[in-house]
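Okay, so here's the structure we're looking at.
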Amino acid sequence: MNVAAEKVALISGGGAGIGLQYAKELLRNGLRAVTLVDINKVNGENALKEISEEFGGDQVMFVKADVTDKEQYEEAFKQTVDKFKNLDIVINNAGVMNDAIWERQISVNLVGTIHGCILALENYLPKYKTESEGIIVNVSSVSGLEKFQAFPIYAATKRAVIGLTRAWGKEQHYWRTKVRLLALCPGVTDTPLLRECLERNLGPAYQDIMKGNIPHLNVQSAEDVALSLIYVLNNGKNGSVWVSEHGESPYEVGMPSRHQLRRT
Ligand SMILES: NC(=O)c1ccc[n+]([C@@H]2O[C@H](COP(=O)([O-])OP(=O)(O)OC[C@H]3O[C@@H](n4cnc5c(N)ncnc54)[C@H](O)[C@@H]3O)[C@@H](O)[C@H]2O)c1
């Protein structure tokens, strides 16, 4: 089974890092077309060129948009269905790791993901999916599952993304929309976000914690996460949460109910 075959995807933050690799891996798996949405025009245009050279230009479009602005983000959805006629897979991947500008970070990582979920779930996927099911992938992080001391606010946004996915990934929404939701939590991955994060925190005490973490990091490539995405798309149940780390095969994380977690 390969759910990407002959489908159309939209990827936020698709101009660089892991998002760009998601696009390439989906195309290698038979995707018909992809829209890259990115706030950074240079990133978006470079990615468009790179993908066009490898896969041909008819299959890819770049739309400059800020996911925190619902109208701008919706414009990318509109242009996608105008050009490619369908929309099947939406990947809410755009994110920043910058606790120094934490209100903006909450907007990008959480509000942007909420905009993407509402647009995809309540309108575009049910209406424009090619076959019987649409898919939303929300990109969280292992830091949303752990106590990430160096970036507490980033970690909170990523925990929230898991909460959204699990709540919208319940049966009653599925029966109504035929949209499956998945959360993908990458571990430490070599991208501009990681390379630039050291000073993007709340101050020297937080930098010291991050510096202490660095020797222990087991860094994977963006391509590793993209391979995990394909597995998760093909195998993940609605509302499930997956980790992709250390360049290994992804694994699903159980989310016990509060009753199971209760201390006795
Ligand atoms: N790199 C890691 O170690 C790592 C680990 C876990 C999770 N993640 C998550 O994976 C996702 C991708 O991260 P990455 O490492 O590829 O980052 P990156 O910085 O390399 O790329 C992110 C892309 O998103 C774009 N973007 C940022 N804000 C945007 C906005 N408001 N609207 C539209 N586009 C926007 C950027 O211009 C950039 O092209 C993020 O959600 C990140 O939190 C990354």
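What follows is calculated from the coordinates using simple rules that are stated; it is not laboratory data. Treat the numbers as computed from the prediction; the structure is a model and nothing was measured. Ideal geometry is used to build each Cβ from the backbone, glycine not excepted, and the neighbour counts take in all protein chains shown.
Please go through segment 126-160 and write out the GluC sites (Glu not before Pro) that DSSP classes as loop and that have at most 13 other C-beta atoms within 10 Å.
Numbers: sites: Glu131, Glu133, Glu146; in loops: Glu131, Glu133, Glu146.
Qualifying residues, ordered by number: Glu131, Glu146.
Trypsin sites (Lys or Arg not before Pro) within segment 139-193: which are DSSP loop residues with at most 13 other Cβ atoms inside 10 Å? The partial results should precede the final answer.
Working: sites: Lys147, Lys158, Arg159, Arg166, Lys170, Arg176, Lys178, Arg180; in loops: Lys147, Lys170, Lys178.
Sparse-neighbourhood loop trypsin sites (Lys or Arg not before Pro): Lys147, Lys170.
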Share of pairwise Cα separations in segment 166-213, more than 19 Å, in percent: 54
Inter-part gap, Cα centre of segment 1-56 to Cα centre of segment 200-264, in whole angstrom, is 23
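Mind jotting down a quarter of the surface of the convex hull over the alpha carbons of segment 28-143, in square nanometres, one decimal?
Working: hull surface 31.3 nm².
Taking the Cα atoms of segment 28-143, their convex hull projects to 7.8 nm² on average.
First obtain the Kirkwood hydrodynamic radius of segment 154-235 from its Cα pairs, then insert it into the Stokes-Einstein equation at 25 °C and 0.890 mPa s, and state the resulting D in µm² per second as a whole number.
Roughly 160 µm²/s, to the nearest whole number.
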Would you list which lysines come within 20 Å of Lys129, measuring only between C-alpha atoms, while excluding same-chain residues fewer than 8 positions from it? Lys7, Lys78, Lys83, Lys85, Lys170, Lys178, Lys237
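Relative to the present Cα-Cα distance, how much length would full extension add between Glu75 and Ile118 at 0.36 nm per residue of separation?
Numbers: separation 43, 0.36 × 43 = 15.48 nm, distance 1.38 nm.
Computed gain between Glu75 and Ile118 is 14.1 nm.
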Rounded to whole Å and sorted largest first, what semi-axes of the equivalent ellipsoid does the C-alpha gyration tensor of the chain yield via the square root of 5 times each eigenvalue? 28, 22, 17
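Assigning unit charges at the beta carbon (Lys, Arg +1; Asp, Glu -1) and nothing else, what dipole magnitude in debye, to the nearest 20, does segment 48-100 show about its Cα centre? Provide the component values of the computation, followed by the final result.
Values: 6 positive and 12 negative charges, 31 e Å.
Magnitude of the dipole: close to 160 debye.
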Once amide H atoms are built 1.01 Å from N in the peptide plane, which residues 5 or more positions from Ser240, or in another chain, come under 5 Å H to H? Ala183
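With the cut-off at 1.5 for a/c, could you classify segment 86-161 from its C-alpha gyration tensor as rounded, prolate or oblate? Could you put the intermediate results ahead of the total?
On the way: a/c = 3.73, a/b = 2.36, b/c = 1.58.
Prolate shape, in that a/c is at least 1.5 and a/b is the bigger ratio.
Below 8 Å, C-alpha to C-alpha, sequence gap of six or more: please give me the relative contact order for the chain in percent.
Values: 529 pairs, mean separation 47.2, N = 264.
18 percent.
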Net charge within 12 Å of Leu229 by Cβ-Cβ distance, Lys/Arg positive one each and Asp/Glu negative one each, not counting Leu229 itself? -1
Full extension between Val111 and Met255 adds, at 0.36 nm per residue less the Cα distance, a length in nm of 49.5 nm
Considering amide H positions built from the backbone, and no H for Pro or chain starts, which residues 5 or more places from Val60, or on another chain, come under 5 Å of its amide H? Val34
Cross-link reach list, aspartates and glutamates versus Lys147, counting only Cα pairs under 17 Å and skipping chain neighbours closer than eight places: Asp99, Asp208, Glu245
